[in-house]
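Shown next, in structure tokens, is the structure this report addresses.
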Amino acid sequence: MIGWLTQHRDALSLALRRLTATPVNTLLSLLAIGIALALPAGGQMLVANALHLAAGSAPAPQISLFMALDAPRAAADAIGAKLQKHPGVKTARFVPREDTLARMRSSEGLGDVIDILPKNPFPDAFVIDPKDDAPAAMEALARELNQLPRVEHVQLDSAWVRRLDALLKLGRTGVALLAVLLGVGLIAITFNTIRLQVLTQRAEIEVSRLLGATDAYIRRPFYYFGVMQGLLGGAAAWIIVWLATLWLAGPVGELAQLYSIDFALAPLAAGDSLLLLALAAGLGWLGAMLSLRQYVDGS
Amino acid sequence: MIQFQHVSKRYPPGINALSDIDFEIGDGEFAIIGGHSGAGKSTLLKLIAAIERPSSGVVLVNGQNVGALKRAAIPYLRRNLGLVFQDQKLLFDRSVFENAMLPLSIAGFPPREAGKRVRAALDKVGLLEREKAMPIALSGGEQQRLAIARAVVNRPNLLLADEPTAHLDADTATEVAQIFRDFHQVGVAVVIATYDGASFAGARQIVLAHGTMTSS
């Protein structure tokens, strides 16, 4: 057990020594890995923030129902009564056209425009919360309501939420795709650095074999090398993303203020950070394994 | 300790490095493999250490048929041998101490015990004062002595050396030969491939010529 621990400690310190023996090469490799991983990690950070923003500001999906302009109040009352009884409707709020006019008049810049209009341009309206807010159910309900007498137009307020949802899904897929591509890139980088390591350590590998080293003993420092290079590259990626977050936080904050949204750009979440480091280490290990299979085994 | 039974080694394309070699070396014996350059001395040592496998015949080391060993078993055979190579095979990016330490690290020795053994081995070959030096700073004779220290640090019962006195001046060669004699004195079997029989006077001689034994 102590011997086993000692061998691992020796392999680790040998890997560290090899990493620091060629500092320029190591730094360039770490930078390459860092930048490669920063792209999907940064993408994940942006998507996570967008999801947070969407969840925070998207209201429950609603349906707006507008009466025809010349519909009498009685027609609106009839529709209101029907809506109250409709099984698909949770609540329906009546918005009289006078109220809409008053609200619009009080809003900045619109008052003067509305004053010169000859008559109230707004129809009576209902704002409806559906019982089932699944997109398909809401669409069916909207179509049904559109058939009611004197109803001019029914609008699904959830359309933009769904567009945002689709967009975020696309963003997530993009991040996953980037992660896969650049993960393969990381494996390739590790494969090549380990290959070079093996070539420069030829003498040491040969001597160790002659002195009774097992395959595991020979491979161990290279595995540590690959894992550490991956891990440090992952840390470099994390730092790049963190710096980008700091850099973007100011402009994003200003933008959010302009839209009067309470939002601050969050750095990579703890779970995502751990995942990034674990993946980077794992891919480094994989690259080392592939390289060793090619250049050490059976030699 | 070592038994060769009708051992032949052919290299492609049909070069007979060794043919029908048959001898036995007992525990604690001191033997030298003599013969001209290219007679098959190095090949014979490589067969003992399972660096090469015989084309036919059986090589037994401590009762083990080393020619038939599985790849995974070879490291454990070598840990029980002390090997001194013709080109020494020192690692020039490691200190004298670390070079001598290598077999113990490979065998997974606890570091404290290993350090003691390394110093003992370096002391035996007279290199204790140079433990922090890099091999490049050593003279030819010192490098050879370091190679011997590395070979014996595991305390093997069999020490194999390939031309350990080549490229050394006469005085240094005598010193190095004395070190091997000292190990033989304490019961280690020593097998040395050398054309320099004079430095190892008194040892049993196995002489090869063109891959066949002429005397033993």
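Greater than 20 Å separation of Cα atoms is the criterion. Which listed pairs, B:Lys89/B:Lys132; B:Lys9/B:Lys46; B:Lys46/B:Lys89; B:Lys41/B:Lys124, meet it?
Details: B:Lys89/B:Lys132 18 Å; B:Lys9/B:Lys46 11 Å; B:Lys46/B:Lys89 15 Å; B:Lys41/B:Lys124 27 Å.
Over 20 Å apart, Cα to Cα: B:Lys41/B:Lys124.
In summary, the lysines within cross-link reach of A:Lys90, defined as a Cα separation below 21 angstrom excluding same-chain residues under 8 places away, comprise A:Lys82, A:Lys131. Computed from Cα positions, the angle between helix A:73-85 and the longest principal axis of chain A comes to roughly 50 degrees. Between the C-alpha center of segment B:105-165 and that of segment A:24-42 there is a gap of 42 Å.
Give me the net charge for the shell around B:Ala149: Cβ to Cβ below 14 angstrom, other residues only, Lys and Arg +1, Asp and Glu -1.
On the way: positive: B:Lys89, B:Arg94, B:Lys116, B:Arg117, B:Arg119, B:Lys124, B:Arg130, B:Arg145, B:Arg150, B:Arg155; negative: B:Glu98, B:Asp123, B:Glu129, B:Glu131, B:Glu142, B:Glu175, B:Asp182.
Once all neighbours under 14 Å are counted, the net charge is +3.
Extents of segment A:63-156, largest first, come to 41, 26, 17 Å (Cα atoms, principal axes, whole angstrom).
Helix A:270-295 and the long axis of chain A differ in direction by around 40°, with both axes built from C-alpha atoms.
Using only C-alpha positions, report the orientation-averaged shadow area of the convex hull of segment B:24-126, nm², one decimal. It would help to have the intermediate numbers written out before the result.
Values: hull surface 34.5 nm².
For segment B:24-126, the mean projected area of the Cα convex hull comes to 8.6 nm².
If you put +1 on each Lys and Arg Cβ and -1 on each Asp and Glu Cβ, how big is the dipole of the protein assembly as shown around its Cα centre, in Debye rounded to 20?
Details: 48 positive and 45 negative charges, 173 e Å.
Here the size comes out at about 840 debye.
The Cα atoms of segment B:141-196 define a convex hull whose projected area, averaged across directions, is 3.5 nm².
Quick one, what does Rg over Rh come out to for chain B if you take C-alpha atoms and the Kirkwood Rh? Mind showing how you got there, number by number?
On the way: Rg = 16.9 Å, Rh = 17.6 Å.
Across chain B, the Cα-based Rg/Rh ratio is 0.96.
The calculated pair-distance distribution of segment A:202-287 uses every alpha carbon pair, bins of 10 angstrom beginning at 0, and gives 16, 27, 22, 16, 10, 6, 4, 0 percent.
Taking K and R as +1 and D and E as -1, what net charge do the other residues with C-beta under 12 Å from the C-beta of B:Gly35 add up to?
Details: positive: B:Lys41; negative: B:Glu163, B:Asp196.
Within the 12 Å Cβ shell, the charges total -1.
Where q = 0.12, 0.28 Å⁻¹, what log10 of I(q)/I(0) comes from the Debye formula for segment B:91-150, counting one point per Cα? Those come out to -0.23, -1.19, one per q.
Placing +1 on the Cβ of every Lys and Arg and -1 on the Cβ of every Asp and Glu, with no other charges, gives segment B:91-150 a dipole of roughly 160 debye about its Cα centre.
Start at zero, step by 10 Å, and the Cα-Cα distances of segment A:62-116 spread as 20, 41, 28, 11, 1 percent across the bins.
For segment A:1-102, taking the reciprocal of the average inverse distance between every pair of different Cα atoms yields a Kirkwood hydrodynamic radius of 21.2 Å. Within 10 Å of the Cβ of each residue in A:6-14, the mean number of Cβ atoms contributed by other protein chains is 2. Across segment B:59-193, the relative contact order, built from alpha-carbon pairs under 8 Å that are at least six residues apart, equals 31 percent.
When the Debye formula is applied to the Cα atoms of segment A:130-272, each taken as the same point scatterer, what base-10 log of I(q)/I(0) results at q = 0.12, 0.13, 0.17 Å⁻¹? Debye curve over Cα of segment A:130-272, log10 I(q)/I(0) at q = 0.12, 0.13, 0.17 Å⁻¹: -0.81, -0.87, -1.10. Measure nothing but the geometry: give the 0 to 90° angle between the long axis through the Cα atoms of B:111-124 and the longest principal axis through the Cα atoms of chain B, rounded to 10°. Helix B:111-124 sits roughly 80 degrees off the main axis of chain B. Distances between placed amide hydrogens fall under 5 Å for B:Ile32 paired with B:Ile192, B:Arg204, B:Gln205, B:Ile206, all partners being 5 or more residues away or on another chain.
Averaged over the residues of A:141-148, the number of partner chain Cβ atoms lying within 10 Å of the residue Cβ comes to 0.
For the protein assembly as shown, what D do you get in µm² per second when you plug the Kirkwood radius from alpha-carbon pairs into Stokes-Einstein at 4 °C and 1.567 mPa s?
It diffuses with D of about 43 µm²/s by this estimate.
The convex hull built on the alpha-carbon positions of chain A has an orientation-averaged projected area of 23.7 nm².
If segment B:69-178 were replaced by its equivalent ellipsoid, with semi-axes equal to the square roots of 5 times the Cα gyration tensor eigenvalues, what would those be, largest first, whole Å? Mind showing how you got there, number by number?
Details: eigenvalues 97, 60, 29 Å².
The equivalent ellipsoid of segment B:69-178 has semi-axes of 22, 17, 12 Å.
Peptide packing for B:103-110, A:109-116 was compared via the average number of neighbouring C-beta atoms within 10 Å per residue; ordered from the highest value, the list is B:103-110, A:109-116.
Every number here is computed from the coordinates shown, using simple stated rules; none is lab data. Just so you know, these numbers come straight off a predicted model, no measurement behind them. Glycine also receives a Cβ, built like all others from the backbone with ideal geometry; neighbour counts cover every protein chain displayed.
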